[in-house]
Amino acid sequence: SISSSSNLQVNNCGLQLVIHSSSITDKSKPFEFRINKEQSSFHNRLLQHDLEKNYSGRQGDIQHDNTNFGSSSSITFPVLQRTAEEKILNADRLTLERQKLTVCPIIDGEDHLRLLNFQHNFITRIQNISNLQHLVFLDLYDNQIEEISGLSTLRSLRVLLLGKNRIKKISNLENLKNLDVLDLHGNQITKIENISHLSELRVLNLARNLLTIVENLNGLNSLTELNLRHNQVSAIKDVDTLPCLQRLFLSFNNISSFEDILCLADSSSLSDITLDGNPIAQETWYKHTVLHHMMQLRQLDMKRITEEERRMASVAARKEEERKRESHKQTLLKEKKRLTICNIARQWEIQQNRIALVDSLNQDKDNEACQINGSAAYVFPEESRSLDTILSSAVQGLSVLESHLVEVEGDTLCLYGAGALECLDRNWSVQTAGIIVTVSFMFIEFDEIVQVLTKLKIKFPNSVHLKFKETNLVTLQQFNALAQLHHIEQLTVDPQGNPVVNFSLWKYYVLFRLNHFNLQRINGVKVTENDIVMAERLFGILAYVASSELPHYRMLSLFGESRRKQFHYLLEGKGKKSGIGSEESSDNRRNGGESTTRATLNYTTKDFHMEKLEEIKERKTFCQTYVENLVKEAADINMKNESLQKLWPQMFIELVRDAVIEIRNKNSYMKLCLQRITDQKQ
């Protein structure tokens, strides 16, 4: 306690504290906190930080006269109030260092503060600063804080300095998402945790703590400097996931083998590292091995790496490194492809089950249990439950949740998922497009494929083989859509996901409908003359029946279209060079020679069919409305006519009466008529 009329003066860093009071707990008398005009400046640490630049070069006089702490009925915290003149001189910063404070005072009317300095005090808890929501720089270096708290409202905070305290755990930083610098050196922290949300953090200082494992660094996407000097670190994880990390300080720890820091070799951004003071630094192979695995380094143990050192390390390991890198790359690509296809297959299965469920419910809503008969799920060996341990960490960075995949393997274009059809709009090089012979569709609705067949024959003119797997080919009618292609020699329809294959005569229908393509193979089996004859016998009559049912105008349209195609391909054949003209002209003649009767067998997609139904519905509605309006108008006319018939006798009598009255006086009537004629002429 402080006795009556006692004076306590403390002179540190240009600040003077004078307290006049009978007792700290005296309810009647206030005590004063005076800071005299002295020279004061911030510490020179973290000069590289962009916010510090606004203040480190400015060392002016700080006027702190007549600053009062008021007391309430029971004083718990001192209340700081500055005069208007002081606020003008130091509007956005406040320095209270070396004041022997044990608590944070209540800072009244200073909501605009951006910099607050409490370093070199005896504060045990962070409090009374929740109202400073514009604060960007908070320095609590060299205090006695045991827990990080009281910062949840400081969402604008960019720099937080808590070095040399008694903190045991990193916590309560959830709302500081804009934090740029976090200094926690010289504490008692044993584990890195609760910082993965700090995506804007650039500098993290955890030197002189009690860390044994470096982990939980995922999410620190902006971190460029990590200081872990003077800890007990023996293993490092997750550092390779930091895309911007440039400087890593690991001096004076317990790292004894290169395997303990193997993940550092996967970091492409790391340029400076220190490992001096570790057992590994005493090994003869230390420098050569580090340079061998970390070719991107510029400095090692604060010494710049020379070109000679780099050359010696690279020559020794170049061939081995290239081989491993290529092998690793191919393995990752294969794994990414496998996982992507698994994801596409999973989405396809869910979609088909949903469609089957809706169809089943529409057919019989009274059934309690709807039997879903969809295509079998696509099964891949070695499901992603157990990935290879070597790839597990690397594959985490791969984007394996794509909904589609486009891949060119030799002369085959593989399209997985409906989104892959968009690749047909790309600007394919002439060389790449020219080598594509086979196009494979997987996990794509056939109706969606039909919409891009025209693009397919334009983009890949040499494609002669189509493969369908899990495309929901259900009816024979769907094969009619393939007639619009340029040329097909082979057709492969996998039974998986294509129920149409269950029809025993599906191959004969394909041969009949696509007869003008002269198919060579279906599902890998060579087509024979007997197959073509059998197809004609089975389905030949079908084309004539279909054509006989068409309206006359539609048949004329088909004849005209057939003639137009023949003329078009004839012109194309004349325009070709002599070296390739004969072969392509043969193709054109085949394509242009499609039978008109077969052309009547076409395919309408579900969407197009629904559009037609909608159009028919609209026309029906229009016609109905039009007829209703005509009937209504006729009814109105009839009603008017009936009314006229009823009123006409009386109207006729009145007309005759008016005429008799007008001509009763002949002279007056004649004058009136002459006057009317004169008025009309004028």
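Listed values, structure above:
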{"read-out": "Ordering of 279-287, 78-86 by burial proxy (mean other Cβ atoms within 10 Å per residue, highest first)", "value": "78-86, 279-287"}
{"read-out": "Shape parameters for segment 403-564, alpha-carbon atoms, Rg then Dmax in Å", "value": "16.6, 49"}
{"read-out": "Descending Cα extents along the principal axes, segment 609-681, whole Å", "value": "82, 35, 5"}
{"read-out": "Kirkwood hydrodynamic radius of segment 308-358, Cα pairs, Å", "value": "14.3"}
{"read-out": "Packing rank of 521-533, 120-132, where each peptide gets the mean count of other beta carbons within 10 Å, highest leading", "value": "120-132, 521-533"}
{"read-out": "Long pairs among Lys191/Lys303; Lys164/Lys191; Lys164/Lys287; Lys336/Lys507; Lys337/Lys526; Lys640/Lys681, criterion Cα-Cα beyond 28 Å", "value": "Lys191/Lys303; Lys164/Lys287; Lys336/Lys507; Lys337/Lys526; Lys640/Lys681"}
{"read-out": "Between segment 159-210 and segment 298-358, the alpha-carbon center distance in angstrom", "value": "32"}
{"read-out": "Ordering of 228-235, 171-178 by packing [mean C-beta count within 10 Å, highest first]", "value": "228-235, 171-178"}
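Read-outs throughout are calculated quantities, based only on the coordinates presented, and are distinct from any laboratory measurement. Worth saying up front: this structure is predicted, and the values here are computed from it rather than measured. We place every Cβ from the backbone using ideal geometry, glycine too, and count neighbours over all the protein chains shown.
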